[in-house]
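The values are calculated or read from the model by the stated rules, or taken from the named source; none is laboratory data. Computed from a predicted structure; not experimentally measured. Please note: Cβ atoms are built from the backbone with ideal geometry, for glycine as well, and neighbour counts cover all protein chains shown.
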Amino acid sequence: MVPFPPRRLVVSSTPPTTGTVNDATQFPEIGKPAHGSYHWAFERLVAASLIPLAVSAAVVSPTAHPIVDGVLGITLIAHTHMGFTSCIDDYVHERKFGALGHAARWLLRVATAGAVLGVYEFNTNDIGLTELVEKVWKA
């Protein structure tokens, strides 16, 4: 039998953690709405508002499409941004991943800005979201 050399446990040096696992949990300051029920309620409001917006996009007259397209585009992007922010907070947080977590947040912000610009261009210089869905639905 061939003896195997002892294995060393490789520990990453990237996490910028301070303290130990036995330290008390630090809670967010009271009064910051991003850490409380206001933030949660706003996320649910945006998600719930997508249902009537999607229905109204199919029902309204073609003259109202630019307004519905604009509101629907911004709401979809806001909903997507908040969802990806939650994923980054849960899985690529700065406490464990350091600069990678910070870069992920900035990459999301840049992608969101690009999506806003793309939806604006599509709604103003092309057929718009509502007409696109109608054409895809009929195809």
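A few comments on the model shown:
- Checked against (1) loosely packed, with under 14 Cβ neighbours inside 10 Å; (2) more than 15 Å from the chain's Cα centre (by Cα); (3) not polar (S, T, N, Q), G98 passes all but a single condition, namely (1).
- Checking each residue in the stretch 34-58 for being modelled with pLDDT under 75 and surrounded by 11 or more Cβ atoms within 10 Å (Cβ to Cβ) picks out H35, G36.
Okay, residues lined up against (1) without any contact (Cβ under 8 Å) to a residue 12 or more places away in the chain; (2) over 30 Å from V59 (Cα atoms):
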site: F97; (1), (2): no, yes
site: H102; (1), (2): yes, yes
site: R105; (1), (2): no, yes
site: V110; (1), (2): yes, yes
site: V116; (1), (2): no, no
site: L132; (1), (2): yes, no
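- The residues of the stretch 59-71 that are surrounded by 11 or more Cβ atoms within 10 Å (Cβ to Cβ) and among the aliphatic types (A, V, I, L, M), listed by number, are V60, A64, I67, V68, V71.
- Selection within the stretch 72-89 - without any contact (Cβ under 8 Å) to a residue 24 or more places away in the chain and surrounded by 15 or more Cβ atoms within 10 Å (Cβ to Cβ): T85, I88
- Residue count for the stretch 117-130, restricted to those that are β-branched (V, I, T) and surrounded by 15 or more Cβ atoms within 10 Å (Cβ to Cβ): 2.
- Within the stretch 53-71, being more than 16 Å from N123 (Cβ to Cβ) and touching a residue at least 24 places away in the same chain (Cβ under 8 Å) holds for one residue alone: A58.
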